[in-house]
Amino acid sequence: MSGGRSIATRTGDDGTTSLLYGQRVPKDHFQIEAVGAFDELNAAVGFAKASVSSPEAKAALEQIQKDLVTLMGELACAESDAERHAASKFEKIGDGALVRIDAAIAQIEAKSLNFDGWATPGATLPAAALDLARTAARRAERRLAGLPAQGRSVRPVLGQFVNRVSDLLWLMAREAE
């Protein structure tokens, strides 16, 4: 590794990990579960990006990955640090991300693809990868939706974003078939 630093800090050997501003929590903490679900989604989107051939699809998926990193940063804050994060220079998911996703959805829907019933994933490798990402998005959405019951507020735009990302991934999978 550059600089002689190791990724293996060993600070998590005791079963804890850090939230964004240093608060230690158990690795099965509800926020870590949510961040982990979005990390899995990011990896699944990366697999889909590697599977598709369209430069436009690759670019859209890469932007989603960047947005997911932004979203994970926000979710990795303790509720007591939410205002600190809101006031920080960290990027935040906002209406611009929704506009981008909605435009991509409209672009695919304008192609008038024919959908007959429920899709069975696996018609092509790119479609299967996109469906895998879609199901990861729905799991992440469920983890996000559960945070308020655990005392962690969630800005509505985050739920709107992941819901629309899932819709877009479904459409991209159908187009890839």
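The values are calculated or read from the model by the stated rules, or taken from the named source; none is laboratory data. Only a predicted model underlies this, so the values are computations on that prediction, with no experimental measurement involved. Cβ coordinates were reconstructed from backbone atoms using ideal geometry, including for glycine residues, and neighbour counts include every protein chain displayed.
Table for the structure above
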{"quantity": "Flag for Gly159 being surrounded by fewer than 18 Cβ atoms within 10 Å (Cβ to Cβ) and either modelled with pLDDT under 95 or touching a Ser or Thr at 6+ places or on another chain (Cβ under 6 Å) (or both)", "calculated": "no"}
{"quantity": "Any hit, segment 11-25, residues being of a type in the set (D, E, K, R) and assigned to a loop (DSSP other than H, G, I, E, B)", "calculated": "no"}
{"quantity": "Of all residues in segment 105-141 being part of a helix (DSSP H, G or I) and of a type in the set (Val, Ile, Thr), the one that is farthest from the chain's Cα centre (by Cα)", "calculated": "Ile108"}
{"quantity": "Within segment 142-174, considering residues that are part of a helix (DSSP H, G or I) and touching a Pro at 6+ places or on another chain (Cβ under 9 Å), the one nearest to Glu109 (Cα to Cα)", "calculated": "Met172"}
{"quantity": "Single unsatisfied condition, Ala82 versus (1) surrounded by fewer than 17 Cβ atoms within 10 Å (Cβ to Cβ); (2) among the hydrophobic types (A, V, I, L, M, F, W, C); (3) touching a Gly at 6+ places or on another chain (Cβ under 9 Å)", "calculated": "(3)"}
{"quantity": "Flag for Ala37 being over 30 Å from Ser80 (Cβ atoms) and small (Gly, Ala, Ser)", "calculated": "no"}
{"quantity": "Only listed residue being aliphatic (A, V, I, L, M) and under 23 Å from Val35 (Cβ atoms), chosen from Leu171, Leu113, Leu75, Leu125", "calculated": "Leu75"}
{"quantity": "Selected residue (criterion: nearest to His85 (Cα to Cα)) from residues of segment 142-156 that are surrounded by 18 or more Cβ atoms within 10 Å (Cβ to Cβ) and under 14 Å from the mean Cα position of the chain (by Cα)", "calculated": "Leu144"}
{"quantity": "Among the candidates Asp39, Asp67, residue that is under 18 Å from Arg152 (Cβ atoms) and either at pLDDT 95 or above or touching a strand residue (DSSP E or B) at 6+ places or on another chain (Cβ under 6 Å) (or both)", "calculated": "Asp39"}
{"quantity": "Filtered residues of segment 16-57 (kept if loosely packed, with under 10 Cβ neighbours inside 10 Å and either farther than 19 Å from Leu71 by Cα or in contact (Cβ under 8 Å) with a residue 40 or more places away in the chain (or both))", "calculated": "Ser53, Pro55"}
{"quantity": "The listed residue being among the small types (Gly, Ala, Ser), more than 30 Å from Gly22 (Cα to Cα) and either out of contact with any helix residue (DSSP H, G or I) (no Cβ under 7 Å at 6 or more places or on another chain) or surrounded by fewer than 16 Cβ atoms within 10 Å (Cβ to Cβ) (or both), out of Ala127, Ala106, Ala173", "calculated": "Ala106"}
